[in-house]
Amino acid sequence: MIHELRHYVPLPGKNQAMIDRFKVHVIPVFKKLNVKMLDFWVTEDESDGFWYVLEWPDAETGKETLAGIADSPDWQKVKALTEKDGPLIHKIESRFCRRPNWVAPAYRTTP
């Protein structure tokens, strides 16, 4: 098992639209496709995009699944609908991470 930490950075003035697209469209797609989202964060003032963590069997599965979503006709419709006033995202940062075995079990938040 591996975790993917993703950070979405909005274009100026597009933060709320980006969050709304995720809430309304992306989360339901993740649920439908059994994409396991473990957690989600915004900054205290909700001004700097968001971060979330996905859990995958391996990095290749994560990359293939997200690429498949991005290439799907359904996603292309969502993208066109939510970007009718222009693009929302400045950049997406993604890192595949593993929990090191030296982290004490008492500090782990998931089994």
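Nothing in this text is a laboratory measurement; each read-out follows from the coordinates by a stated rule. Predicted model only: the values in this text are computed from it and were never measured. Note that each Cβ is placed from the backbone with ideal geometry, even for glycine, and that neighbours are counted across all protein chains shown.
Brief remarks follow.
- Footprinting exposure proxy for VAL26, VAL42 (fewest neighbouring C-beta atoms within 10 Å first): VAL42, VAL26
- The calculated FRET efficiency for the pair SER47 and ASP20, based on their C-beta separation and a Förster distance of 25 Å, comes to about 0.95.
- Rounded to the nearest 10 degrees, the inclination of helix 73-82 to the longest alpha-carbon principal axis of the chain is 60 degrees.
- Rounded D (µm²/s) - the chain, Kirkwood Rh over Cα pairs, Stokes-Einstein at 25 °C, 0.890 mPa s: 161
- Label-point separation in nm, ASN101 to GLU64, each point 7 Å along Cα→Cβ: 2.7
- Degrees between helix 59-71 axis and first principal axis of the chain (Cα, 0 to 90, nearest 10): 10
- Here r is the Cβ-Cβ distance between VAL9 and GLU83 and R0 is 25 Å; the resulting FRET efficiency, rounded to 0.05, is 0.95.
- Dipole of the chain [Lys/Arg +1, Asp/Glu -1 at C-beta], most positive-end residue of VAL26, MET1, LEU11: MET1
- Charge context of VAL9, other residues only, Cβ under 12 angstrom, K/R +1, D/E -1: +1
- FRET E, pair ILE2, GLN76, Förster distance 30 Å, beta-carbon r, rounded to 0.05: 0.60
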